[in-house]
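*Asks:* Before I ask anything, here is the structure I am working with.
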Amino acid sequence: MKTLLILPALAALALGDALASKADAENFLKKSVSEVVEVARKSPDSAALASGVRLILLKTISFDAMTRRAVGPGWRQFTQPEQTETISLFTALIIQTYSSKFTPGELPEIDYKSAVETAPGRVEVSTATLYEGSKYEVVYRLEQPDGKSWRVTDVVIEGVSMVANYRSQLDAQFKSGGARAVIASLHKSSASSK
């Protein structure tokens, strides 16, 4: 009889943890996006915007996980120095690309949908975003890599995953020339996005 009473209590605790987990992820994302919007609002020019956004993105995005997934299975064949360089280059590229999408003073309207827990420690937050007259469906994929703090690990815009998009490019580079080809490609992409 005691077992029957304990099971509903455990189920309620698990459900409470899942609800708290989703809410924590959603609140983390909302706070981070609000910080980016505030930087965009206050920035006098693109350079100031990029600099301000960089600090926010470094604490919001898991660039390690994003880079590893963007490179794909070949990642395991990179040496530690190659992995470090690749993460650094990919981080710079994502920040440059992301910050270049904003116009100082132009603010998006963001409608957050309900967060969905896709697996323990993984949450997706869907949004409808209106920016400069265009509407976008954006899904943020968040994880808890350390089991405590949330980090964005992918952004899906209009059904296109940023990680999958880069993976198609970087995997081809890896297959044609290994880690050095991936690094060279990231150097080239980073230089051309400036």
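*Asks:* For the range 102-174, list the strands (runs of 3 or more DSSP E) that sit wholly inside it and hold at least 2 residues that are more than 12 Å from the chain's Cα centre (by Cα) and farther than 14 Å from residue 66 by Cβ; which are they?
*Replies:* On the way: elements: 109-119, 122-131, 134-143, 151-157.
Ranges flagged: 109-119, 122-131, 134-143.
*Asks:* Mind counting the residues in the range 44-98 that are farther than 19 Å from residue 156 by Cβ and either assigned to a helix (DSSP H, G or I) or among the polar types (S, T, N, Q) (or both)? Write out each step before concluding.
*Replies:* Keep residues of the range 44-98 that are farther than 19 Å from residue 156 by Cβ, which gives 44-56, 58-59, 64, 73-89, 91-92, 96.
Going one step further and asking which of them are either assigned to a helix (DSSP H, G or I) or among the polar types (S, T, N, Q) (or both), we end up with 46-56, 58-59, 64, 73-77, 79-89, 91-92, 96.
Selection size over the range 44-98: 33.
*Asks:* Of all residues in the range 122-155, count the ones that are among the charged types (D, E, K, R) and touching a residue at least 60 places away in the same chain (Cβ under 8 Å).
*Replies:* Going residue by residue through the range 122-155, those that are among the charged types (D, E, K, R) are 122, 124, 132, 135, 137, 141, 143, 146, 148, 151, 154.
Now restrict to residues that are touching a residue at least 60 places away in the same chain (Cβ under 8 Å): 143, 151, 154.
Result for the range 122-155: 3.
*Asks:* So which pairs qualify, if the first residue must be in the range 86-99 and more than 22 Å from residue 174 (Cα to Cα) and buried (at least 19 other Cβ atoms within 10 Å of the Cβ), the second must be at pLDDT 90 or above and of a type in the set (A, V, I, L, M, F, W, C), the Cβ gap must be under 6 Å, and the two must be at least 6 apart or on different chains?
*Replies:* Matching pairs, first to second residue: 95/57; 99/53.
*Asks:* May I ask you to list the residues in the range 140-156 that are among the hydroxyl-bearing types (Ser, Thr, Tyr) and out of contact with any strand residue (DSSP E or B) (no Cβ under 6 Å at 6 or more places or on another chain)? Before the answer, list the steps.
*Replies:* Taking the range 140-156 as the starting set, the residues that turn out to be among the hydroxyl-bearing types (Ser, Thr, Tyr) are 140, 149, 153.
Of everything in the range 140-156, just one residue is among the hydroxyl-bearing types (Ser, Thr, Tyr) and out of contact with any strand residue (DSSP E or B) (no Cβ under 6 Å at 6 or more places or on another chain), namely 149.
*Asks:* Only one of 29, 10 is farther than 25 Å from residue 186 by Cβ, at pLDDT 95 or above, of a type in the set (A, V, I, L, M) and in a helix (DSSP H, G or I); which? Steps first, please.
*Replies:* On the way: 10 fails: at pLDDT 95 or above.
Of 29, 10, the one residue that is farther than 25 Å from residue 186 by Cβ, at pLDDT 95 or above, of a type in the set (A, V, I, L, M) and in a helix (DSSP H, G or I) is 29.
The values are calculated or read from the model by the stated rules, or taken from the named source; none is laboratory data. Just so we're clear, the structure is a prediction, and the values are computed from it rather than from any experiment. Ideal geometry is used to build each Cβ from the backbone, glycine not excepted, and the neighbour counts take in all protein chains shown.
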